[in-house]
Amino acid sequence: MEQSEFVAEIQLKYLPSAKSRLNVGKIQSSVDAYNFLKTIYNQDTIALTETFVLVFTNHANEIIGYNIHSSGTIASTQVEIRLIMAIAINCACSGVIISHNHPSGSMSPSKSDRIITDKINQALEVFNIKLLDHIIVSPNQGDYFSFTDNGVLC
């Protein structure tokens, strides 16, 4: 067996930003989650391409970090559950909120939205991490759909 010339170092880095200095408090409702999420989405592209965002909370539902997971096309974006799990485990979170935008402004979750939510929920449950909500954000100010509020995620 040949010895490799190098082995890659894998790190999880916390990159400070203006959002990290905000006192966002606890996420107690979908409104709280939406108010934080709307600061993350790029307002220049929210009506053009889909973006998938992750928010991580501690046991007290305080935000400990977020990740812009992927940006895609007009009608979709890739979601890699292994990467979601890697970040969730490495930041030792207790809860996760997932979110993506619908550039069309439609607030109805698609079949694929429901399927990926179930898959992420199942993966998180293995590690006793709670999927708190899946929020679909619209380019129209104030419009969002909460899977939890609408009984899609229990």
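Where a number appears in this text, it was derived from the coordinates with a stated rule and is not lab data. Just so you know, these numbers come straight off a predicted model, no measurement behind them. Heads up, the Cβs are rebuilt from the backbone with ideal geometry, glycines too, and the neighbour counts pull from every protein chain shown.
Entry note, the chain: relative contact order of 22 percent, from Cα contacts under 8 Å with a spacing of 6+ residues.
For S99, the residues 5 or more places off, or on other chains, whose built amide H falls under 5 Å of its own are V53, I135.
Taking Cβ atoms as reference points and 13 Å as the exclusive limit, the residues near T77 contribute a net charge of -3, counting Lys and Arg as +1 and Asp and Glu as -1.
One decimal place: the segment D143-K111 gains 9.5 nm when fully extended, by the rule 0.36 nm per residue minus the C-alpha distance. I'm spelling it out carefully: the read-out is Cα Rg over 2.2 N^0.38 Å, the candidates are (i) 1.08; (ii) 1.66; (iii) 0.95, and one was derived from this structure. Which label? Label (i) holds the value from this structure.
Fewest neighbouring Cβ atoms within 10 Å first, the residues D113, D149 line up as D149, D113. Of all stretches in the chain that contain no chymotrypsin sites (Phe, Trp or Tyr not before Pro) in a DSSP loop with at most 11 other Cβ atoms within 10 Å, the longest one is 15-126.
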